[in-house]
Amino acid sequence: MGKYFGTDGFRGEANVVLTVEHAFKVGRYLGWYFGQEHKARIVIGKDTRRSSYMFEYALAAGLTASGADAYLLHVTTTPSVSYVVRTEDFDCGIMISASHNPYYDNGIKVINRMGHKMEAEVEEKIESYIDGEIGELPLASKEAIGRTIDYAAGRNRYIGHLISLATRSFKDMRIGLDCANGSAFSIAKSVFDALGAKTYVISNEPDGLNINTNCGSTHIEVLQDFVREKKLDVGFAYDGDADRCIAVDENGDVVNGDLVLYMCGKYLMEQGRLEGNTIVTTVMSNLGLYKACDKIGMKYEQTAVGDKYVYENMMNNGFVLGGEQSGHIIFSKHARTGDGILTSLMIMEVIMEKKQTLAKLCSDVKIYPQLLKNVRVTDKKTARENPAVQKAVDDVAAALGSDGRILVRESGTEPVIRVMVEAATDEICRQYVEQVIQVIRAEGLEVTQ
């Protein structure tokens, strides 16, 4: 991770950590970098946060000042930017979003021309320019000055692409959609309606301040209640920029990314379409997933947390399915990054083809109780490497043995340490998570408010 760019872009509180000056400089550098040999074409998307407007215009100003043409998709999803970049010959794409974070945060994700996250070396050069370590870049003049171009048509082509991927009609299926008051509000219902589903939509009235607020994939209990109340066949919840999806089965039970990987992986393996009979997971995936995979002979790889690492492993090894427990699922045949709406379509394909309910399709996986708590700290690296904290983690690992595990890691997007324990019971999870957190506090590493 760099000084500004983490595992999921440059993210922080708008006009506090991430400012319009930063956005302008990101635009200036990218416009110059990709425009050295030709006139750069760069596409921009944004989510529904109020601050997304100012960042959109700051980025566009920087790009055009460096001579690039900025194509504006307006409110759209992160995966739609990825799709448009790789299918319509853009030099790169920019998504303005802080994903599942609160409305007052925002972020800048840079996407390369292949449709996945920008290479670290380019992000490092942007950071050097922001910090004044690179000399001032030339400003375009006269006819070389760039333009901004309305490109809503690109978003519409992405919608058409999603619809084209469905293998059959969803007629007579009652489907709930929680759009998180975010990017999915303008896309998800259109896709499911076109495929014949009877859709029931919540959290699709964004006002700039309600994105992810008590809704979406991070507040799945809202969709659970909705599915039960309306007696729906299935429900799908997205996050702010719709690059993740958490499902809810017909009983109102949660189907997270691990369960999606299992059911879709098993389905593809049965059809001979799962390359190497292998799925790619992260270190956060549940032990129950791995035990279920072992029973059916499905192999798995583990990466660091972050869909960029999942995708790198998939590309290096030719695998077609990977993702995270949080709902970032990558179907590499169709996308280069996590895509929540695409994931929900792939789940529907399995349901329709197998003629089974979502609950039945996931019933072979017995999930271990898992507890994850975040501790806000002054410095993530110092907290994680503290000797007393490391000893506490080692002690818990020894106590759990083969009946569970502990994982303590730095967040890639926030100033927090994440403490996760899996064990046989919820009580054991709570005991050991608190044991480590108490040491973090005793060492004076936690930020108190």
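Remarks
- Restricting attention to the stretch 126-167 and to residues that are of a type in the set (S, T, Y) and in contact (Cβ under 8 Å) with a residue 12 or more places away in the chain, the residue that is nearest to I108 (Cα to Cα) turns out to be Y129.
- Just so you know, in the stretch 385-423 the residues that are among the β-branched types (V, I, T) and in contact (Cβ under 8 Å) with a residue 40 or more places away in the chain include one that is nearest to Y290 (Cα to Cα), and it is V421.
- Where strands (runs of 3 or more DSSP E) fall entirely within the stretch 88-179, those with at least 1 residues that are not assigned by TED's automatic domain parsing to the domain that holds V227 are at 92-96, 105-112, 148-150.
- Residue in the stretch 189-210 that is of a type outside the set (F, W, Y) and under 16 Å from the mean Cα position of the chain (by Cα) present: no
- Subset of the stretch 195-234 (residues that are in contact with a strand residue (DSSP E or B) (Cβ under 6 Å, 6 or more places away or on another chain), part of a helix (DSSP H, G or I) and closer than 16 Å to G340 by Cα): S217, L223
- Only listed residue being touching a Ser or Thr at 6+ places or on another chain (Cβ under 8 Å), in contact (Cβ under 8 Å) with a residue 24 or more places away in the chain and assigned to a loop (DSSP other than H, G, I, E, B), chosen from D258, D241: D241
- Criterion: in the same structural domain as D178 (by TED's automatic domain parsing), over 23 Å from E422 (Cα atoms) and touching a residue at least 40 places away in the same chain (Cβ under 8 Å) - qualifying residue of D249, D253: D249
- Scoring T48 on the criteria (1) assigned to a loop (DSSP other than H, G, I, E, B); (2) more than 23 Å from the chain's Cα centre (by Cα) leaves a single failure, condition (2).
The values are calculated or read from the model by the stated rules, or taken from the named source; none is laboratory data. It should be emphasised that the depicted structure is a prediction, and the values quoted were computed from it without experimental measurement. FYI the Cβ positions are ideal-geometry reconstructions off the backbone, even for glycines, and counts take in every protein chain you see.
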